[in-house]
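Undergrad: Can you read through this structure? Questions will come right after.
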Amino acid sequence: MPFFEIIYVESLQNATSLVVNNLEEELNSGKLNSLGLATGSTMIPIYASIVKSNLDFSQVIAFNLDEYVGLASSNKNSFAYFMNEHLFSKKHFKEINIQNGLSEDKQLECERYEKKLDEHPIDIQFLGVGENGHIAFNEPGTPFDTLTHVATLSDSTIEVNSQYFDEKENMPTQAFTMGIASIMKAKKIILLAFGEKKRDAINALLGDNITEQWPITVLKKHPHVTLITNIKQ
Ligand code: GLP
C-alpha cells in the first residue's frame, strides 16, 4: 500500500517546524544521505527555519530540481543564486548539485546529472507545485517517463515566474529540469502547496485521475508522499 499523508496546517509558517522535525528524525536515523531541494517562494520560510536550526547536513549530498538555461550561478535570477542566498551559504552540505545553466552541451549535462542522481539516490525530495500542476519544470503534457532534460516553459509558467525578473523579456524560456521519472525515483517526497492559486493543482492531485496534463497527479503512483498544505477540500 502506498503511503499518502496529508497534513493540513494554517499557514506556511506552521509547516516549517514540521519539516525541521522531520529532517531531524531522518538525520538521526542515519537514513538521510541525499536530499532533493526545490526553489520558489514556498521554500523560503522552510530554508529560513532550517538555517536557524542546528540540523547538520555536512554528510548530506544536495540535489536541486532545476535551473534556467543560459543563466550563470552569479545571476540573481538563477536557482543556484537563490539556493546560495537562502541555504547553501548558511548551511554546509557535503556536496551541492545543480544543473549548470551555462553548459554548452545540454544533452551531456542532462546525462551527467541523471547519472549523479543514480549514484546517490534521493532519500527525501522537496517539491512545490506550479499553478498549472507542474513539478520542477515538468510542464503539462510532459511524458511521465522523462529523465533530466531541457524543458520549454509554458506561457503560464513564464507569466508567473517573470515577476522575479527586472524585465519580463530577460526570463529564459527553457530550463534544465529533473524529469518526472527522476523525481519518482526519490524514496520519499514532501510536497508543499500553499494558497488558493494552487487549489486546482491540489484538486487534480486528490482527484481520481492520473494524467500527463496535470504532472502533479503522477505522485499518486509514488510509494511515499507527504502533502503539507493549507488548502482544505
Ligand atoms: C518554479 C519551480 C518549481 C516550484 C514552483 C512553485 O516554477 N520550478 O519547482 O514548485 O516554482 O513556486 P512557488 O513556491 O513560488 O509558488
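Undergrad: Select from the range 49-77 the residues that are of a type in the set (S, T, N, Q) and either modelled with pLDDT under 95 or more than 11 Å from the ligand (Cβ to nearest atom) (or both) and list them in ascending order. Give the derivation first.
TA: The initial filter retains those residues of the range 49-77 that are of a type in the set (S, T, N, Q), namely 49, 53-54, 58-59, 64, 73-75, 77.
Passing the criteria: Ser49, Ser53, Asn54, Ser58, Gln59, Ser73, Ser74, Asn75, Asn77.
Undergrad: Would you mind finding the one in Gly133, Gly128 that is crowded, with 17+ Cβ neighbours inside 10 Å and in contact with a Ser or Thr (Cβ under 6 Å, 6 or more places away or on another chain)? If you could, list the steps in order and put the result at the bottom.
TA: Working: Gly133 fails: in contact with a Ser or Thr (Cβ under 6 Å, 6 or more places away or on another chain).
Only one candidate passes the filter, namely Gly128.
Undergrad: For the range 174-204, how many residues meet the condition of being more than 16 Å from the chain's Cα centre (by Cα) and either more than 15 Å from the ligand (Cβ to nearest atom) or without any contact (Cβ under 8 Å) to a residue 60 or more places away in the chain (or both)?
TA: Residues that pass the stated criteria total 4.
Undergrad: For the range 36-120, give me every one of the helices (runs of 4 or more DSSP H) that falls completely inside it and has 2 or more residues that are closer than 23 Å to Lys198 by Cβ and small (Gly, Ala, Ser).
TA: Details: elements: 43-52, 79-83, 106-119.
Helices (runs of 4 or more DSSP H) meeting the threshold: 43-52.
Undergrad: Say we look at the range 1-26 and pick out the residues that are among the aliphatic types (A, V, I, L, M) and outside any loop (DSSP other than H, G, I, E, B); which of these is surrounded by the fewest Cβ atoms within 10 Å (Cβ to Cβ)? Don't jump to the end; show me each part of the working.
TA: Of all residues in the range 1-26, those among the aliphatic types (A, V, I, L, M) come to 1, 6-7, 9, 12, 15, 18-20, 23.
Going one step further and asking which of them are outside any loop (DSSP other than H, G, I, E, B), we end up with 6-7, 12, 15, 18-20, 23.
Working: Ile6: 15, Ile7: 13, Leu12: 20, Ala15: 22, Leu18: 16, Val19: 22, Val20: 16, Leu23: 22.
Only one residue tops the list, namely Ile7.
Undergrad: With a cut-off of at least 2 residues that are under 27 Å from Glu10 (Cα atoms), name the strands (runs of 3 or more DSSP E) lying wholly within the range 153-233. So that I can check it myself, show each step before the final result.
TA: Numbers: elements: 174-177, 188-193, 224-229.
Here the list reads 188-193, 224-229.
Undergrad: Assess whether Ile46 counts as being free of Cβ contacts under 8 Å to residues at least 60 places away in the same chain and either within 13 Å of the ligand (Cβ to nearest atom) or among the charged types (D, E, K, R) (or both). Explain how you work it out, then say what you get.
TA: Values: free of Cβ contacts under 8 Å to residues at least 60 places away in the same chain: no; either within 13 Å of the ligand (Cβ to nearest atom) or among the charged types (D, E, K, R) (or both): yes.
Answer is no for this residue.
Undergrad: Oh, and also: Among the residues of the range 62-118 satisfying the criterion of being surrounded by 20 or more Cβ atoms within 10 Å (Cβ to Cβ) and among the charged types (D, E, K, R), which is farthest from Lys168 (Cα to Cα)?
TA: Here the answer is Glu109.
The values are calculated or read from the model by the stated rules, or taken from the named source; none is laboratory data. Owing to the predicted nature of the structure, the values given are computational and were not obtained by experimental measurement. Quick reminder, even Gly has a Cβ in these numbers, built from the backbone with ideal geometry, and neighbours come from all protein chains shown.
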